[in-house]
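The next block holds one structure in the form of structure tokens; read it before the comments.
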Amino acid sequence: MKQLVIASLAAGALAVATPAAAQDDDLREGLDRLGEGMGLIFEGLMDEMRPILDEARPYFEEEVLPFLDRMGELMDDLTAYELPERLPNGDIIIRRSPDAPPFDPEELDDPEVGENGDVEL
């Protein structure tokens, strides 16, 4: 009788484990297919975007990077500044936050001031 109970329990465990293992295999296969599909989508996007990126590269290298480099030289810490603001005359200003730590102008290179007080950046 004891052997019959043990055999029944073992058979039951196998019956439960087999569908679970099959579900795990199905899940793995589904995730693998999903990953392959995502890879194909990204490859297609990159193929379509490559000409646009190649066209934008010279502008980015000649205009954007020097601009960002200069901004990095002038701004000590981005969190010390408020969001940019456009004035009615079209100028864009970036104000220093009132709660920012004191500004030390000796840490930065000062731009040259012209005869009329104009600053060439």
Extreme residue, nearest to Met71 (Cα to Cα), among residues of region 81-104 that are touching a residue at least 12 places away in the same chain (Cβ under 8 Å) and in a strand (DSSP E or B): Tyr81
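Where residues in region 78-104 are among the acidic types (Asp, Glu) and surrounded by 10 or more Cβ atoms within 10 Å (Cβ to Cβ), which of them is nearest to the chain's Cα centre (by Cα)?
Let us first name the residues in region 78-104 that are among the acidic types (Asp, Glu), namely 82, 85, 91, 99, 104.
Then keep just the ones that are surrounded by 10 or more Cβ atoms within 10 Å (Cβ to Cβ); that gives 82, 85.
Working: Glu82: 22, Glu85: 25 Å.
Looking at the filtered set, the residue picked out is Glu82.
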First in region 57-76 and in a helix (DSSP H, G or I), second anywhere and surrounded by 11 or more Cβ atoms within 10 Å (Cβ to Cβ), Cβ under 8 Å, 6 or more apart: Glu73/Leu108; Leu74/Leu108
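Computed from the coordinates by the stated procedures, all read-outs in this text should not be read as laboratory data. Since the structure is predicted, the reported quantities are computational estimates derived from the model, not experimental observations. Positions of Cβ are generated from backbone atoms using ideal geometry, with glycine treated the same way; all protein chains shown enter the neighbour counts.
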